[in-house]
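Enquirer: A single structure is presented below for examination.
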Amino acid sequence: MNKELIIRSGSATDFALLKDGKLIELHKEEDSSEFSVGDIFIAKIRKPVAGLNAAFVNVGYEKDAFLHYLDLGPQINSLIKFVKRVSTGKLKDYSLANFQTEKDIEKSGSIIDVFKANQSILVQIVKEPISTKGPRLSSEISIAGRYIVLVPFSNRVSVSQKITSSDEKDRLKRLVKSIKPKGFGVIIRTVAEGKKVAELDKDLQNLIERWNDMCSKLYKAPHPSKVLGEMNRASSILRDVFNDTFTGIHVDSEEMYTQVSDYLTEIAPDKVSIAKHYNNDSLPIFEKFGIERQIKTSFGQSVSMSKGAYLIIEHTEALHVIDVNSGNRSNKAKSQEGTALEVNMISAKEIARQLRLRDMGGIIVVDFIDMGKSENRQELFNFLREEMADDRAKHKILPPSKFGLVQITRQRVRPETNIKTSEKNPSGGSSEVEAPIVLVNKIEVELKKHIAKSKGRKVSITAHPFIVAFLTKGFPSIRAKWSLDHKRWIKISPRDAYTYLEYHFHGENGKKLR
């Protein structure tokens with residue numbers, strides 16, 4: 001398995017994560033983004049609301065942020081006391097070693113017992129502004145590093161559940177307890193597996209330094225203001241996804257390339273050589289790695305898959321609905337049950353990719369093709385869980401119902417990635433049509449099916465002149481690639497009478513194929 005990170009710079013910075021050449025994640029960092037997950041603000045309580053058991057907080061966004069009682073953390077009183085003393089200059093030792101903590105709050109308590117209007121509070125963004133809602137906050141502050149997460153006002157040491165070896169968990173806990181400063185808790189991340197104490201300690205010291213820098217900004221700080229920002233997006237993505245399977249990081253900006261190289265030097269010196277500065281003005285970096293094509297064919301309402309199967313993805317206010325269709329694929333399975341299982345397995349792999357690619361969150365209902373055998377439903381369920389195992393967002397998958405429905409909940413902390421794939425109709429009017437590359441993708445899928453059925457006989461295509469030009473111009477053209485793949489020349493002819501989206505396949509005698 002090869003992983004590559006492609007970074008495109010401009011007015012916004014785009015990050016594309018490829019797995020064996022296939023796009024699995026797409027992130028965009030706007031230069032004007034002021035509220036990112038992980039940012040820490042010193043702010044003021046606008047109003048505690050007993051009925052919601054939550055408080056609205058002014059963090060400088062157009063709509064007040066939301067802080068629920070359950071997101072305060074048990075040590076909120078200690079945090080309030082610490083912030084007050086540091087802000088007024090009465091406390092200049094930020095180590096917490098000699099700080100007298102307060103009693104933990106009750107899990108079933110009330111927000112009005114903790115906060116009053118205009119009270120200062122340190123908060124962290126856990127969900128960016130989405131739609132009409134302001135940011136979602138937490139007062140259980142945490143600072144994430146490469147191998148560990150630092151949690152002030154806690155003494156707990158916990159290990160990622162994705163580390164399955166009990167011996168390794170015990171080893172990591174023992175190492176971290178030996179280096180952990182008093183007054184801080186630590187969460188050990190999955191990538192810490194197998195690491196030595198020196199690497200963990202270096203990461204810990206970096207986090208302590210960031211904590212001290214943040215605390216030094218609290219003295220007479222204006223309210224609201226950001227006191228600790230997440231590292232630049234390139235570094236934060238590398239921190240979260242980088243591992244030994246990465247084979248390349250390609251960047252088209254010299255400044256970003258320097259940032260990536262510096263961060264790799266710090267976390268993985270032996271991997272610095274995989275970072276490359278892409279410098280080709282004639283061919284944009286996303287075109288070079290085939291990302292633009294994948295974006296166009298992956299973000300529409302309909303998503304084509306192998307063997308003619310496809311997905312329909314609908315988004316409502318309350319949830320996402322994904323419908324699995326077998327399409328007009330050639331059936332090589334011996335039974336309807338076998339066909340359903342095959343299509344469902346192909347779909348499960350693509351659905352896991354789509355959830356990450358679009359960053360879909362909330363409730364997702366997938367309508368798989370009905371299967372009568374319980375063992376097939378269980379096999380599908382296990383396969384879907386395996387495909388989503390690498391998904392960093394918290395998620396839960398329920399087993400398929402007898403109707404073939406699978407319910408998924410997936411954490412959403414940023415607005416969903418939604419890229420428009422339709423374009424203005426070149427024939428005129430205000431209507432829109434699919435982008436040419438989306439249509440070409442459909443033609444390619446159908447071509448494979450017709451060639452498989454033709455048993456060596458000729459197959460030709462007629463289409464709108466615009467589409468024909470798209471398929472035949474350039475070197476090598478799309479048609480030339482198809483001819484090499486199928487070891488036969490594909491005749492493609494223009495028809496002026498066709499509408500923009502119209503195309504047909506023809507057999508050896510010129511008869512239309514269905």
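The values are calculated or read from the model by the stated rules, or taken from the named source; none is laboratory data. Predicted, not measured: the structure shown is a model, and the values here were computed from it. Reconstructed Cβ throughout: ideal geometry from the backbone, glycine too, with neighbour counts over all protein chains shown. Quick note on the areas: whole protein, heavy atoms, side chains included, nothing else; ligands and nucleic acids left out. Shrake-Rupley method; radii C 1.70, N 1.55, O 1.52, S 1.80 Å.
Enquirer: With a 1.4 Å probe and all protein chains left in place, how much of the accessible area of the chain comes from carbon and sulfur atoms, in whole percent? Working shown, then result.
Expert: Details: 13100 of 26770 Å².
Within the chain, the accessible surface is 49 percent carbon and sulfur.
Enquirer: Okay, next question. Based on the Cβ-Cβ distance of Asp244 and Ile437, what FRET efficiency does E = 1/(1 + (r/R0)^6) give at R0 = 45 Å, to the nearest 0.05?
Expert: 0.85
Enquirer: Okay, next question. Working only with C-alpha atoms, what are the Rg and Dmax values of segment 177-301, expressed in angstrom?
Expert: 19.0, 56
Enquirer: Report the far tail of the P(r) of segment 143-226, meaning the percent of Cα-Cα pairs longer than 15 Å.
Expert: Above the 15 Å cut-off, segment 143-226 has 57 percent of its Cα pairs.
Enquirer: Filter the chymotrypsin sites (Phe, Trp or Tyr not before Pro) in segment 436-498 down to the DSSP loop ones having no more than 14 other Cβ atoms within 10 Å, then list what survives.
Expert: Here the chymotrypsin sites (Phe, Trp or Tyr not before Pro) that fit, given the DSSP loop and packing criteria, are Trp489.
Enquirer: For the chain, the longest stretch holding no GluC sites (Glu not before Pro) located in a DSSP loop with at most 10 other Cβ atoms within 10 Å is which? Display every interim value, and only then the final one.
Expert: On the way: sites that count: Glu62, Glu106, Glu317.
No qualifying site falls inside 107-316, the longest such stretch.
Enquirer: With Cβ to Cβ distances under 11 Å as the rule, what net charge do the other residues near Asp20 carry (K, R +1; D, E -1)?
Expert: Cβ neighbours under 11 Å give a net charge of +2.
Enquirer: Evaluate 2.2 N^0.38 Å with N set to the residue count of the chain, then give the Cα radius of gyration divided by it.
Expert: 1.15
Enquirer: Next up: What FRET efficiency comes out for the pair Ser454/Arg495, r = Cβ-Cβ distance, R0 = 22 Å, nearest 0.05?
Expert: On the way: r = 21 Å, r/R0 = 0.96.
After rounding, the FRET efficiency stands at 0.55.
Enquirer: Now for a separate question. I need the semi-axes of the equivalent ellipsoid of segment 185-238: take the C-alpha gyration tensor, multiply each eigenvalue by 5, square-root it, list largest first in whole angstrom.
Expert: The equivalent ellipsoid of segment 185-238 has semi-axes of 27, 14, 9 Å.
Enquirer: Now a separate question. Run the numbers on segment 290-409 and let me know its relative contact order in percent, using alpha-carbon pairs under 8 Å that are six or more apart.
Expert: Answer for segment 290-409 is 22 percent.
Enquirer: Follow-up question, since we're still on this one. What's the local net charge at Glu4, with K and R +1, D and E -1, over the other residues with C-beta under 12 Å away?
Expert: +3
Enquirer: Accessible area of Lys276, 1.4 Å probe, to the nearest 10 Å²?
Expert: 100
Enquirer: Do the sum for the chain: with -39,500 (n - 2.57) for every DSSP H run of n ≥ 4, divided by all residues, what is the mean residue ellipticity at 222 nm, to the nearest 500 deg cm²/dmol?
Expert: -9500 deg cm²/dmol
Enquirer: Hey, what's segment 8-93 come to in accessible area per residue, 1.4 Å probe, Å²?
Expert: Heavy-atom SASA per residue in segment 8-93 reads 46 Å².
Enquirer: Find the relative contact order for segment 1-138 and round it to a whole percent, using C-alpha pairs within less than 8 Å whose residues are 6+ positions apart.
Expert: About 27 percent, as a whole number.
Enquirer: With a probe of 1.4 Å, find how much accessible area segment 283-409 has per residue, and write the answer as a whole number in Å².
Expert: Here the residues of segment 283-409 average 49 Å² of exposed surface.
Enquirer: Relative contact order for the chain: what is it in percent, counting Cα pairs under 8 Å that are at least 6 residues apart?
Expert: Reported relative contact order: 12 percent.
Enquirer: For the Cα atoms of the chain, what angle does the longest principal axis make with the long axis of helix 197-216, in degrees from 0 to 90, nearest 10?
Expert: Between the helix axis and the principal axis of the chain, the angle is about 70 degrees.
Enquirer: Treating only the Cβ of Lys, Arg, Asp and Glu as charged (+1, +1, -1, -1), what charge dipole size does the chain show about its Cα centre? Round to the nearest 20 debye.
Expert: My answer is approximately 920 debye.
Enquirer: Write out the trypsin sites (Lys or Arg not before Pro) in segment 134-163 meeting two conditions: DSSP loop, and at most 12 other Cβ atoms within 10 Å of their Cβ.
Expert: Arg156, Lys162
Enquirer: Looking only at Cα atoms, what is the convex hull volume of segment 1-141 per residue, in Å³?
Expert: Cα-based convex hull of segment 1-141, divided per residue, equals 184 Å³.
Enquirer: So what's the gap between the Cα centers of segment 343-373 and segment 454-472, to the nearest angstrom?
Expert: Here the answer is 32 Å between Cα centres.
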